[in-house]
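Nothing in this text is a laboratory measurement; each read-out follows from the coordinates by a stated rule. Source: prediction; values computed, not measured. Every residue, glycine among them, receives a Cβ derived from its backbone with ideal geometry; neighbour counts consider all protein chains shown.
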Amino acid sequence: MDIKKSQFTVQSDRRFEILNVSTEVEASLEELGVTNGLVYVSTPHTSAALSTNEYEEKLLDDMIDKFKEIAPPDDGYYHDIDHIAAEEQPNAHAHLLSAMIKRPVLLLLEDGEIDLGTWEEVMFYELCGPRERTVQVTVLQ
Amino acid sequence: MDIKKSQFTVQSDRRFEILNVSTEVEASLEELGVTNGLVYVSTPHTSAALSTNEYEEKLLDDMIDKFKEIAPPDDGYYHDIDHIAAEEQPNAHAHLLSAMIKRPVLLLLEDGEIDLGTWEEVMFYELCGPRERTVQVTVLQ
Amino acid sequence: MDIKKSQFTVQSDRRFEILNVSTEVEASLEELGVTNGLVYVSTPHTSAALSTNEYEEKLLDDMIDKFKEIAPPDDGYYHDIDHIAAEEQPNAHAHLLSAMIKRPVLLLLEDGEIDLGTWEEVMFYELCGPRERTVQVTVLQ
């Protein structure tokens, strides 16, 4: 099995922000010069997430509302004590949400096309931005 | 690496419905004529989910109750505004739940047997049915 | 494609317990004598979970608090009726949480090093312990 890899960065502007990175994934594949294989997209961050879903503006607002409801930021988490003492942004809520929504994204690449569903996009979930984050693209052939 | 693929459809009868698709996955593998490799089972839909868990009838009721509690359907979501205006079934709750429970299912295939745990089945989660849905089976060898 | 596999067990001491199994994963890879490939770490249990996140003691308490809030144990679940009748520990909450947090862990192995992020560890989530559980390590080459 041959493994090729690439990566790119994304920049968020807000604390919660959902970014469509499908175009960046496709650009990485083009850069790698691969047209067939299994593509594994991931992010090494534990306070962010990566997944696929429909990238529709109003749905993104629903998602962020739901995330804040499930794990409200700044909710007296034990993990935040040290961050607050160090005058850093608290991020326990982001770890909790990452535990719930992050998953490996696997895509089949055939003749230069990735097999996203009709409404499916590769989405990066910033949960404690603004930050610069890394997305990794690995191709198995 | 050799990639073989197949797919099948499932039909749900209710808005929320959890289907055991282990038998259909096994039939796809037989059809493909493969007996060894890594099997990747997925669904391209963003308002449904695929995963593994125990397929026990009363647990399915607990799951659906919990899903409705976490992301109640028809709860005034922004994403539903256009669907309601178009007289389509609202599905924001289904996207939110898919974001939380969908994951790639990876199974080891050895001598024609997939390595599901004792209580583990491949489960398709219909979150805004009734609908016909696609499940994809990809084998890496 | 060549597939090599190994497994190890973990022992939990409490009902809810999160264990860092990165060292055990690395030991399995050393035992297998592999230094390159894609590593797939999984657990066959449907009332436990496996994932990656930051293994920070106070965050583990936040996680367990949040899990108990999302799916409180012994909350009158249908699935628990038979377990209670059989004088077994009820575990519906564990299946519900597993449905939400379990995911396949995929790691790139290069020159004997797995590519965990700075704050990332492979974590086993015991949701209805104490129990002995199995973690599987599969390497694709």
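Observations on the structure shown:
- Ranked from largest, the principal axis spans of the Cα set of the protein assembly as shown equal 53, 52, 45 Å.
- Over the range A:25-141, relative contact order from alpha-carbon pairs under 8 Å, at least 6 apart, %: 50 percent
- Candidates C:38, C:29, C:50, ranked by Gaussian network fluctuation over chain C, Cα under 10 Å, top entry: C:38
- Scalar couplings 3J(HN,Hα) for the range B:13-28, obtained by applying the Karplus form with A = 6.51, B = -1.76, C = 1.60 to θ = phi - 60°, are 10, 10, 5, 10, 7, 10, 10, 7, 10, 4, 5, 5, 5, 4, 5, 4 Hz; x denotes Gly and Pro.
- Here r is the Cβ-Cβ distance between residue B:74 and residue C:82 and R0 is 35 Å; the resulting FRET efficiency, rounded to 0.05, is 0.60.
- Annotation note: GluC sites (Glu not before Pro) in the range A:37-141 located in DSSP loop regions with a Cβ neighbour count of at most 12 within 10 Å are A:87, A:88.
- Shortest-first distances to equivalent copies, position residue C:7, nm, label 7 Å out along Cβ: 3.3, 3.3
- 7 Å along Cα→Cβ, label-point gaps from residue A:89 to other copies, nm, shortest first: 3.9, 3.9
- With a cut-off of 11 Å between beta carbons, the residues surrounding residue B:71 carry a summed charge of -3, where Lys and Arg count +1 and Asp and Glu -1.
- Charge tally for residue C:48 (other residues, Cβ to Cβ under 9 Å; Lys, Arg +1; Asp, Glu -1): +2.
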